Amino acid sequence: MPSGESHPDPRSDADLVASLNAGDFRAFEPLYHRYRDWVIALAYRLTGNHEDALDVCQETFAYLLRKCPGLTLSAKLTTLLYPAVRHLARDARRKRSRHAGAGDAALEGAIAAEGGPDAVEVSRQELAAVLAGLPEGRREVLLMRFVDAMSLPEIAAALDIPLGTVKSRLHHALDALRNDDRLRRHFDSDAS
């Protein structure tokens, strides 16, 4: 997740948050550099718009600063930031759709970003269509698990839902992908 700082701060996130809580605002910069790219990528996936993703990033880190002093880091920082990014991205998407009538291109953006130059366009379109057909909760858990590489407990904490619900949503989402005729060939173990 690190953004490629030239001289990364060796302190842990917890140590940096403790410094922020103590009034040392220089501790903010290393946190920003560690998670900036992750926040922008997530915000872009959720909004489908680069400018909105940058705005969400700025608002997310402002939110983080407002939590200090008094911020308690009881999980990974991404677990704390995910709900803020999600909420801010939804607001940005609603605002943009009211003003421009734009559709939700977040899934297509995520698929395109993940697919890379060697991806087959038809497969990306099929996957985007299948993902778009999933209920929002299942789609969100699936993307958090496999795009954001979050653990099941982290997803549960970020969404403030029971771990069993996360497991159930992920199971049903994967089952829907496996059983969709458009994607079946990607799951066939006998495919050659």
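Whole-Hz Karplus values for the stretch 168-178 come out as 5, 4, 5, 4, 5, 5, 5, 4, 5, 5, 5 Hz, taken residue by residue from phi with 6.51 cos²θ - 1.76 cosθ + 1.60 and θ = phi - 60°; glycine and proline positions read x. Between residue 163 and residue 147, the simple spin-label model (points 7 angstrom out along Cα→Cβ) gives 2.6 nm.
Counted residue by residue at 0.36 nm each, then reduced by the alpha carbon distance between them, the extension gain from residue 29 to residue 58 reaches 9.2 nm. Between residue 175 and residue 129, the distance separating the two model label sites (each 7 Å from Cα on the Cα→Cβ line) works out to 2.4 nm.
Relative to the compact-globule estimate of 2.2 N^0.38 Å, the Cα radius of gyration of the stretch 1-104 comes out at 1.13. When peptides 160-167, 172-179, 48-55, 80-87 are ranked by their average number of other Cβ atoms within 10 Å per residue, the highest-first order is 80-87, 48-55, 172-179, 160-167. Highest mean packing first, where packing is the average number of other Cβ atoms within 10 Å per residue, the peptides 57-67, 149-159 line up as 149-159, 57-67.
Each value in this text was obtained by applying a stated rule to the coordinates, not by laboratory testing. If you're wondering where the values come from, they're calculated on a predicted model, not measured in any experiment. Cβ sites come from the backbone with ideal geometry, for glycine too, and all protein chains shown count toward neighbours.
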